[in-house]
Amino acid sequence: MAEMAWTPRGAHGFARHAEGYRPTGRTRFPDHTSAYVPPGWPTEVQAPGSPEWEASAAAFLLDCCPADYRGYPVLRRHPVILARFATAYVESQLTACHDGLGEVRASLGPLVEPPVLEAALAAWHEQGALLRRRRREVGLVEDALRGAVFVKKL
């Protein structure tokens, strides 16, 4: 009777993988799988982990800030610091928009006709919606720069 010897090729299916390659973990993704980005991710910014994503994030964040911010080398060299500045700036804009919306009737009501006042209120509401969307975008980019990994929820 021939004796059965243990070999790496024949023992319990361990030979399923190419020589020298062992997958790690339980989940294996194809090489072409792209990173997941959550709803609200800015279209101008590449997905985290892709080549040059930090450069696209920095360009987007600088566009969200006053032009003077481009003159500070520390903000250009450290995207995470720029993200913090951009978040604070967008939140302050949103606060100013909210405060202005609350005061527009009292401050402009006696000076302009009602249709003009309604158009001004519509502009405030539109600007508020834009700023809320921008705050989410900047917040997501800041989270990604701080190392957050976004996972699709089922």
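Determine whether segment 92-110 contains at least one residue that is assigned to a loop (DSSP other than H, G, I, E, B) and either touching a residue at least 12 places away in the same chain (Cβ under 8 Å) or in contact with a strand residue (DSSP E or B) (Cβ under 8 Å, 6 or more places away or on another chain) (or both).
no
Is it the case that segment 52-65 has a residue that's outside any helix (DSSP H, G or I), closer than 29 Å to VAL37 by Cβ and among the acidic types (Asp, Glu)?
Yes, that holds for at least one residue.
Evaluate segment 69-84: report whether one residue or more is more than 12 Å from VAL138 (Cβ to Cβ), assigned to a helix (DSSP H, G or I) and in contact with a Phe, Trp or Tyr (Cβ under 7 Å, 6 or more places away or on another chain).
So far as segment 69-84 goes, yes, one or more of its residues are more than 12 Å from VAL138 (Cβ to Cβ), assigned to a helix (DSSP H, G or I) and in contact with a Phe, Trp or Tyr (Cβ under 7 Å, 6 or more places away or on another chain).
Quick check on my filter: what residues within segment 36-49 are without any contact (Cβ under 8 Å) to a residue 24 or more places away in the chain and either under 22 Å from LEU75 (Cβ atoms) or in contact with a helix residue (DSSP H, G or I) (Cβ under 8 Å, 6 or more places away or on another chain) (or both)?
Matches in segment 36-49: GLU44, GLN46, ALA47.
Which residues, taken from segment 112-154, are in a loop (DSSP other than H, G, I, E, B) and either at pLDDT 90 or above or within 24 Å of VAL90 (Cα to Cα) (or both)?
VAL112, GLU113, ARG146, GLY147, ALA148, VAL149, PHE150, listed by residue number.
Test ARG136 against the stated conditions and say whether it is in contact with a helix residue (DSSP H, G or I) (Cβ under 7 Å, 6 or more places away or on another chain), in contact (Cβ under 8 Å) with a residue 60 or more places away in the chain and either under 28 Å from ARG84 (Cβ atoms) or loosely packed, with under 11 Cβ neighbours inside 10 Å (or both).
Answer is no for this residue.
When you check TYR89 against the structure, is it more than 18 Å from the chain's Cα centre (by Cα) and aromatic (Phe, Trp, Tyr), yes or no?
no
Look at LEU101 and say whether it is modelled with pLDDT of 95 or more, more than 28 Å from PRO51 (Cα to Cα), hydrophobic (A, V, I, L, M, F, W, C) and surrounded by 12 or more Cβ atoms within 10 Å (Cβ to Cβ).
Answer is no for this residue.
The values are calculated or read from the model by the stated rules, or taken from the named source; none is laboratory data. If you're wondering where the values come from, they're calculated on a predicted model, not measured in any experiment. Don't worry about glycine lacking a Cβ; one is built from the backbone with ideal geometry, like all the others, and counts go over all protein chains shown.
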